[in-house]
Amino acid sequence: MKYKVLEDSSKHLTIQISNKREQILFTSVTIAGIFIIVFTYLGVIPSMLALVNKAPKESFLAPSYILGGFILAYGIVNFLFFFSGVIICSFDKSLQKFTIQKKRFFHTSIDDYPLSEVTGIEELGIKSATELIVWLRKSNQIRGIKIFIARASGYGEFHILWRKVSEFLREQPTQLLNRQWIIEQSEDIYKVYKTLDMYKNSDMISYTIDKRKGLLIYELDGKEVDEYEIAGIKDIQVEDNQDQNDDEMSDRIVLEMKNGEKRPISIYCYSSTSGAHLVVRSLKYAIGLQAWLHLSPDIQKDWEHLN
């Protein structure tokens with residue numbers, strides 16, 4: 001998978017994606033399948049296998065044909081799947097439109113969607129491949145409609161694109177922070193909340209930034225736990241649990257106040273499922289302690305250098 005950014009500004013983001021590498025790979029697989037079948041028909045492969053295994057070459061005819069047929073079919077199916085020519089995705093804030101253009105063989109399809117309904121972009125692992133999709137809101141469902149964009153043969157192939165598109169969409173009224181956390185925002189309110197835990201049990205946790213009042217409000221199960229003046233917050237951190245009896249690493253979110261106090265705004269949760277680092281990043285972005293919500297590749301390098 002190869003991609004090229006055609007336009008990148010505050011109002012427009014256009015990306016071109018092609019699967020040339022996958023096309024070459026599965027063309028080679030298809031040719032390999034054809035060669036196996038041809039050389040099996042000519043008796044070359046059965047004779048070689050018979051020589052090595054000291055068995056009649058006739059016993060290797062059927063297995064060789066089956067292997068060649070399987071490789072041929074695998075190559076053709078995947079070549080046709082990845083033969084999408086060029087895919088162009090365009091996000092236009094001026095026209096409030098998300099457009100995806102796909103060129104397959106001699107046919108070009110263009111689909112338009114309201115940008116206001118886009119709630120995020122996501123990488124999905126599909127066996128040994130990765131799919132890049134865009135989510136659209138449907139009624140009250142944040143993950144209402146899944147729009148397929150492209151597929152790559154390796155894992156993590158779309159991560160740079162995910163970062164770039166996610167950062168471009170960071171001002172969307174509703175957006176997915178990850179699989180569990182959601183962001184809703186308006187001119188005065190920025191809310192990060194989780195409605196379900198990893199087991200799909202009710203887990204109503206929310207953090208609301210009230211810009212007009214200058215408050216960060218922590219709520220649990222729909223009830224306010226505490227509120228903090230944003231002007232008094234020096235930093236927001238993830239604090240690891242130092243309890244050696246804990247079988248799995250856990251962490252919690254802590255406010256570092258300008259007066260030196262530390263105020264926890266979550267209980268300890270398993271690090272692998274808490275999403276604490278993402279929540280901290282979003283809260284720091286919302287109150288102005290961090291300029292980026294989804295760190296771009298270049299910003300990520302600078303971030304790692306500074307830390």
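Just so you know, all these numbers are worked out from the coordinates, no wet-lab data involved. Note that the coordinates shown come from a computational prediction; the quantities given were computed from them, not determined experimentally. Ideal geometry is used to build each Cβ from the backbone, glycine not excepted, and the neighbour counts take in all protein chains shown.
Hey, got the Cα dimensions of the stretch 38-190 along the principal axes, in Å, largest first?
Computed over the stretch 38-190, the largest-to-smallest principal extents equal 80, 36, 27 Å.
Under a 5 Å amide H to amide H cut-off, with H placed in plane at 1.01 Å, what residues pair with Leu6 once short-range neighbours are removed?
Thr14, Ile15, Gln16
Let me check I've understood the local charge: for Glu256, count other residues with C-beta under 12 angstrom from its C-beta, Lys and Arg +1, Asp and Glu -1. What total comes out?
+2
Here are a few candidate values for Rg/Rh (Cα atoms, Kirkwood Rh): [x] 1.06; [y] 0.98; [z] 1.13. Which one was actually calculated from the structure I just gave you?
Computed from the coordinates, Rg/Rh (Cα atoms, Kirkwood Rh) corresponds to [z].
For the stretch 235-242, what does the Karplus curve 6.51 cos²θ - 1.76 cosθ + 1.60, with θ = phi - 60°, yield as ³J(HN,Hα) per residue in whole Hz, taken in order and with x for Gly and Pro?
Each residue's phi maps through the Karplus curve to give 7, 10, 9, 9, 10, 6, 7, 8 Hz.
Along the positive direction of the dipole of the chain (beta-carbon charges: Lys, Arg +1; Asp, Glu -1; about the Cα centre), which of Leu115, Leu51, Tyr207 reaches farthest?
Leu51
Give me the Debye-computed log₁₀ of I(q)/I(0) at q = 0.13, 0.27, 0.33 Å⁻¹ for the stretch 133-180, equal point scatterers on Cα only, no solvent, two decimals.
-0.34, -1.22, -1.31
Expected output is a single nm value to one decimal: the length gained when fully extending between Lys262 and Val225, i.e. 0.36 nm times separation in residues minus the C-alpha distance. What is it?
Values: separation 37, 0.36 × 37 = 13.32 nm, distance 1.58 nm.
Length gained, Lys262 through Val225: 11.7 nm.
Per-residue HN-Hα couplings for the stretch 179-192, Karplus 6.51 cos²θ - 1.76 cosθ + 1.60 at θ = phi - 60°, whole Hz, x for Gly and Pro?
Ordered by residue, 3J(HN,Hα) equals 5, 10, 9, 10, 10, 10, 8, 9, 5, 10, 10, 10, 10, 10 Hz.
From the cross-link list Lys146/Lys194; Lys211/Lys258; Lys164/Lys258; Lys146/Lys211, which pairs have alpha carbons spaced over 30 Å apart?
Lys164/Lys258; Lys146/Lys211
Go through Gln242, Ile230, Pro264 and say which Cα lies farthest out towards the positive end of the charge dipole of the stretch 204-272; charges sit on Cβ, +1 for Lys and Arg, -1 for Asp and Glu.
So the residue furthest toward the plus end is Ile230.
List, in order, the whole-Hz ³J(HN,Hα) value for each residue of the stretch 66-78 obtained from phi through the Karplus relation with A = 6.51, B = -1.76, C = 1.60 and θ = phi - 60°; use x for Gly and Pro.
5, 4, x, x, 5, 5, 4, 5, 4, x, 5, 4, 5
Scan around Asp226 for amide H atoms under 5 Å from its own, H built in the peptide plane at 1.01 Å from N, and keep only partners 5 or more places away or cross-chain.
Result for Asp226 returns Tyr218.
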